[in-house]
Amino acid sequence: MLHTALAELAIRSRSMSPSIVTVSLAAAAALVAMVRVGPEELASRLSEARPVHLFLACFLPAAATVLYLMLRPRAVYLVDYAGFRTPHTCRIPFASFLEHAKLMPELSERSIRFMTRLLERSGIGEETCLPPAHHYIGTHKYCTVDAARAEFELVAFSAIDDLLAKTGVAPEAIDILIVNCSLFCPTPSLVDMIVNKYKLRSDIRSMHLSGMGCSAGLVAVGLAGNLLQVAPHGAHALVVSTETITPNYYVGTERAMLLPNCLFRIGGAAALLSTSPAKARFRLKHLIRTLTGAQDSAYRCVFQEEDGEGHRGINLSKDLMNIAGDALKANITAMGPLVLPASEQLKFALTFIARKVINRRVKPYIPDFRTAFEHFCIHAGGRAIIDELQKNLGLSDEQVEASRMTLHKFGNTSSSSLWYELGYIEAKGRMRKGDRVWMIGFGSGFKCNSAAWECIQPARNADGPWATSIHRYPVDIPDVLSH
């Protein structure tokens, strides 16, 4: 057991300072030596020892323990979260969406046919919502800065109000504020809008993450966790994840740039993090970020630009799925050793060695992440993404149900989709204390970020974005929707 303890201490020492490591290992070695000499010889040696030696023998282990406890990373907890409840007045059925598109002279008949086929195969349902400005005929004429601000206020303030009501935390108790919204970055910033609305403290640490795509929600969670390490114990960090799509309606004819018009919908979520376990519902176990932007193809696969006619939009590369797959492989390679049981890691290692030493034709072993997690929240970026991850990770239909139903009910809400999926699992009553959740997000750059959570306290009820519709789900989603 002592040798095991030494090994564990050596592993943990990687994240400690050299001085603490030296003292800790010295103390552990001394403990082993004391056990080996026996009680009689130990008593004899103690009687011969000088007082200063006895003092150091007691002080050094105690000091090392205190320093380790003071400097080790604090646990980060999710107190609670809330998703924006999309209003019925913003609902956009396929017929309305296509009717508006047909009335825009900038969009050709060929573009309309393409969007129709895309919607029929997208996995998106008839109840998704668009911001108010997108409901006007001649949509792009109404996509003003004021309309974009109004969309953000509607989404963010509604989610924050719900979150504060659920947690009972007062606005003045918030120490850190992080907002992620990629395509709308006004002046004053979005965090300033929240500070002004809720009259937050003047010493609050606030920042706005922009341009980081649909995986920015987990980037924000990671940043909040880092800031909480240097904040007073029990501090609160508010994370708001959304994508303001009002100013980003594309009116050109490039097919790769028409995709976001069809897939993205209004949505957002707010999450409250803390280093105090009091009233917490989840604990953040691990967060892994993977950025492949050093490769030109990955950097440009989700790219904001103007088409040949000067219309601005987001260009989605045809290589997006392959690039996402490579980023996922890198991410799970880092996450696997942290969460997989030893048996799965051994199988993977043996297969890896066999491929390198014996024969490259040996089929690579894909670790079974179902042994590490009970629930999966895969970014609802589109049907193809969910299909690909289900296939590659060997997940069942039920394990990707939350992602498919979120895409059907809310569309692609960018970084907030992961929180809608977590809400679906809880609204269905499937979450149990001790259950582990894996969130996987993809975003421009190109990034694949994932987070592992452990449930401390499941939701007591289905209150939230799913409250009025969870009884109707899951629904059957045909390969091609007839309408």
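The values are calculated or read from the model by the stated rules, or taken from the named source; none is laboratory data. Because the structure is a prediction, the values reported are computed rather than measured. In this analysis, Cβ positions are derived from the backbone assuming ideal geometry, glycine residues included, and neighbour counts consider all displayed protein chains. Side chains are part of the model used for accessible areas, which takes the heavy atoms of the whole protein and leaves out ligands, DNA and RNA. Shrake-Rupley method; radii C 1.70, N 1.55, O 1.52, S 1.80 Å.
Data table
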quantity	calculated
So Ala342, is it open to solvent by less than 70 Å² (accessible area, probe 1.4 Å) and over 30 Å from Val251 (Cα atoms)	no
Test result for Ser206, in a strand (DSSP E or B) and either assigned by the TED database to the domain that holds Thr244 or modelled with pLDDT under 95 (or both)	yes
Subset tally (residues that are closer than 21 Å to Ile288 by Cβ and not in a loop (DSSP other than H, G, I, E, B)) for the range 348-364	3
Search result, residues across the range 435-451 that are under 29 Å from Ser297 (Cβ atoms) and of a type outside the set (Ser, Thr, Tyr)	Trp438, Met439, Ile440, Gly441, Phe442, Gly443, Gly445, Phe446, Lys447, Cys448, Asn449, Ala451
Looking only at the range 276-329, and only at residues there that are part of a loop (DSSP other than H, G, I, E, B) and among the acidic types (Asp, Glu), the one that is most open to solvent (accessible area, probe 1.4 Å)	Glu309
Members of the range 470-483 that are part of a loop (DSSP other than H, G, I, E, B) and open to solvent by 20 Å² or more (accessible area, probe 1.4 Å)	Pro474, Val475, Asp476, Ile477, Pro478, Asp479, Val480, Leu481, Ser482, His483
Count of the range 146-192 residues which are buried (at least 17 other Cβ atoms within 10 Å of the Cβ), of a type in the set (Asp, Glu) and touching a helix residue (DSSP H, G or I) at 6+ places or on another chain (Cβ under 9 Å)	2
Residue within the range 180-197 that is β-branched (Val, Ile, Thr), in a helix (DSSP H, G or I) and farther than 30 Å from Gly222 by Cα present	no
Verdict on Leu238 being open to solvent by 10 Å² or more (accessible area, probe 1.4 Å), under 17 Å from Val79 (Cβ atoms) and either in the same structural domain as Tyr299 (by the TED database) or modelled with pLDDT of 95 or more (or both)	no
Test for Pro247: is it closer than 20 Å to His208 by Cβ and not aliphatic (A, V, I, L, M)	yes
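The rows are residues; the columns are (1) under 26 Å from Ser317 (Cβ atoms); (2) modelled with pLDDT of 95 or more; (3) more than 17 Å from the chain's Cα centre (by Cα).
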| position | (1), (2), (3) |
| --- | --- |
| Asn261 | yes, no, yes |
| Ile266 | yes, yes, yes |
| Ser276 | no, yes, yes |
| Arg289 | yes, yes, no |
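Okay, residues lined up against (1) farther than 22 Å from Ser417 by Cβ; (2) in contact with a Lys or Arg (Cβ under 7 Å, 6 or more places away or on another chain); (3) assigned to a helix (DSSP H, G or I):
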| residue | (1), (2), (3) |
| --- | --- |
| Ser96 | yes, no, yes |
| Pro105 | yes, no, no |
| Ser111 | yes, no, yes |
| Thr116 | yes, no, yes |
| Gly123 | no, yes, no |
